Amino acid sequence: MAQKPSASMSSDTEAMASSSAASDVPEQRDHIASKLVDRFALWSGVAGLVPLPVVDVLAVGGLQVQMLRRLSQIYNVEFSENRGKALIAALAGCMIPATSGMGAASALKAIPVINILAAGFIMPVLSAGATYAIGKAFIQHFESGGTLLDFNPPDYREFVKAQKEMWESRTRGRGASAGSTTATSSP
């Protein structure tokens, strides 16, 4: 006799259940994968707020590996943690300005006074943007029938650059729309 799932079922478990059910419908699968990438980008931004140098970079890297694991499940691609880490590192290498910026911003957290700027503004934006671009690159690769074994990071250099620009425009657009709503709501 099948039991009805309890209401206390975690959102991750629900997402996994819905992603496996949606794997037959490409539009739903792509929507779920995009929402997953958005959520992990947000979490990476929060991880960028960790005030300890190096710990923040490790936290973001862990989130990116977990995101890749979940994307692999959505697209029914076999996942290997070691291969996933290597691919994320290689793909991050294609985004040298962003990833070197993350390392520099993380190191700035060790300098008093400057650490507030690095912790509060620079690292969260770089972390979220890098995670977003990496997630979108893997979505495109998995949609085209690729696996972790045939992923070639240099092939995605231009795509990652375009995703980074898209992330920056999204970020600027939110800031502008927040400013315009504030301006229009005042009498």
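FYI, it's all coordinate maths here, none of it is from the lab. Since the structure is predicted, the reported quantities are computational estimates derived from the model, not experimental observations. Methodologically, a virtual Cβ is constructed for each residue, glycine included, from the backbone with ideal geometry; neighbour enumeration extends over all protein chains shown.
Results, tabulated for the structure shown:
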{"quantity": "Spacing of the two label points (7 Å from each Cα toward its C-beta) at L42 and T147, in nm", "calculated": "3.4 nm"}
{"quantity": "Cα gyration tensor shape for segment 26-78, rounded if a/c is under 1.5, else prolate or oblate", "calculated": "oblate"}
